[in-house]
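Please read the structure below before turning to the comments.
No value in this document is a laboratory result; all are computed from the given coordinates. Computed from a prediction, not measured in an experiment: that's the story for all the values here. Please note: Cβ atoms are built from the backbone with ideal geometry, for glycine as well, and neighbour counts cover all protein chains shown.
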Amino acid sequence: MKKTMAILLTVLLLSCAGCAKQTRHVIWRPSETVERSAPSEAEQTQSTQPTQPPLQDDGLEYAIFPMEYLMITQTSGEGTHLCNWAVDFAGEDTGIDDFYAPFTLRIVRLQEGYGIVWAQSVDKVHLANGGLDYVTLLLEHCDDIDDLYVGQVVKQGEVFYTEGTAGNATGNHVHAEFAIGPYVNEGSFHAEDGHVAINNGVPANEVLFLTKSTQVSDEGGFTWQSLPLDTQEIVKNGYHCQGEGHLPQDEEIIQEPSCTRDGLCRYTCQLCGCTVTRPLPATGHTVAKEESDYTDQEGCHLLRCTCTSCNAKWWESEWATPPTCEFSDVPDAQQPYVGYACENGLMAAFDEDGFLPDGYISRVELLEILYDRWGTAGYGCDYSDVDDDPEVPIIGWATAMGLASATEGERFAPSAAVTRLDAVQMVTGVMEPLRFVESTGLSAWAVEVGLFSPTDNLDCPLTRGEAAKLLTIMQLYPTME
């Protein structure tokens, strides 16, 4: 089996002497909301009009229309777009127009043939329907996506895609679908009539704002919201007083800051009338550190920390000799974990260019590591999308042990990025249960030991940098109480 991430996570593996009774976990099943995400027959010919949202400048991006010209040659609910909210953007004319990132996004999946790119917003964004959430994006038909890679971050306004005809499309265009919420498994489900729709799909005009510079030729039957600035101004300065800054008045605190979470205050700008929400920095913990008797064989000493303000408890590592990270593309905060993981054979470089800390790990890649240590041969599986012989016993074993299950129908989605919480579930499912996990809950534990912050969305994909931290902590902290 192709090991695209080159991860040798033999990790967990060293941290536990034996296996207790297996804990069964369900990775994901499509919810009823997913099944209702495609338009009904009545909705297919009905334009939706988002409610005008209050414009805010809270540091988060607004999802903007990603082409210079708005020309929709096939709208939702017709032709090949039955039972989904897909639209075909065709730009100014029959030529090839650029498609830029409507918000800062990270590529999560690539599919050759049709030039398909799946991406998710890096952070929550302001939506044209007034909401604030992550957005998942599906694009098709670009003729050349060779320069793109999974894990790549594209900033708002950067061109990364173009119109094309890949996949036998009729005429140059970009087939686009949008969904509210993070990318889940392979991103789409199959309707009963055989059509494919993006999970949690919504009309494009519920996500995207037009800008002052958007040139409109055909709106596709939708009513669009607009921002009163040019695209370049929004990309350069964000949505506020055209780069000059706001003049606050009547500022009020709407959420007090805590030790770990920012507070919020809100005011109305005297210049533009925009409702502005700005963060109040978290106060930080008042830390009392307590020595422990645990010292790892590599010289990593553990300190038990307690906040005297909020009584939160967590562990910190005190390295006798901090691990050396040889990769220049790894952020400072992740370097000790990546260094430790690589020094101990848990992970390796992605390629000759570096570690790729923002790259994702697939479901089957993580399960393969667990299988190599704890797996039992002889299992088979009959998922419709699992036909690679080396994957069959791995996925069959994982299914039998309750570590993973179908994503929807008869599909397993082996190449889909594993989510943060699913990765922790898979790992703890084959290790001796950690005593504190049973009492505090898996999500609370993941925050307590510093894997994630309280504001992190655990349904988002796990990155390689986060995997290094997960594996290091799992190896160093096997006896925490």
Positive dipole terminus of region 361-428, leading residue within Gly409, Gly375, Gln425 (C-beta point charges):
Gln425
Report, in cubic angstrom per residue, the convex hull volume of the C-alpha atoms of region 352-403.
117 Å³
Return Trp374, Trp85, Trp397 ranked ascending by Cβ neighbour count within 10 Å, so the fewest neighbours appear first.
Trp374, Trp397, Trp85
Of the listed links Lys212/Lys236; Lys313/Lys469; Lys155/Lys212; Lys124/Lys289, those spanning more than 24 angstrom between alpha carbons are Lys124/Lys289
Residue separation between Asp387 and Cys310 times 0.36 nm, minus their alpha-carbon distance, gives in nm 22.6 nm
Nitroxide proxy distance, nm - points 7 Å out along Cα→Cβ at Lys289 and Ala349
3.4 nm
Sorted by average packing, counted as other Cβ atoms within 10 angstrom per residue and highest first, what order do 139-145, 209-215 take?
139-145, 209-215
Square roots of five times the Cα gyration tensor eigenvalues for region 56-237, Å:
22, 18, 17
Footprinting proxy, His301, His175: sorted fewest to most Cβ within 10 Å, the residues are His301, His175
Where labels lie 7 Å past Cα in the beta-carbon direction, separation of Glu410 and Ala282 in nm:
4.7 nm
Pseudo-spin-label distance Ser217 to Thr260, built 7 Å along Cα→Cβ, given in nm, is 5.2 nm
Using the count of nearby Cβ atoms within 10 Å as a rough guide to exposure, how do Phe327, Phe99 rank from fewest to most?
Phe327, Phe99
Only Lys, Arg (+1) and Asp, Glu (-1) charged, at Cβ; region 56-237 dipole about Cα centre in debye
480 debye
Apply 1/(1 + (r/R0)^6) to the Cβ-Cβ distance of Arg373 and Gln249, taking R0 = 56 Å, and write down the FRET efficiency to the nearest 0.05.
0.35
Please give the Cα centre distance for region 95-122 versus region 327-370, rounded to the nearest Å.
24 Å
Packing-wise, with mean Cβ within 10 Å as the measure, how do 409-416, 459-466, 350-357 rank, highest first?
459-466, 409-416, 350-357
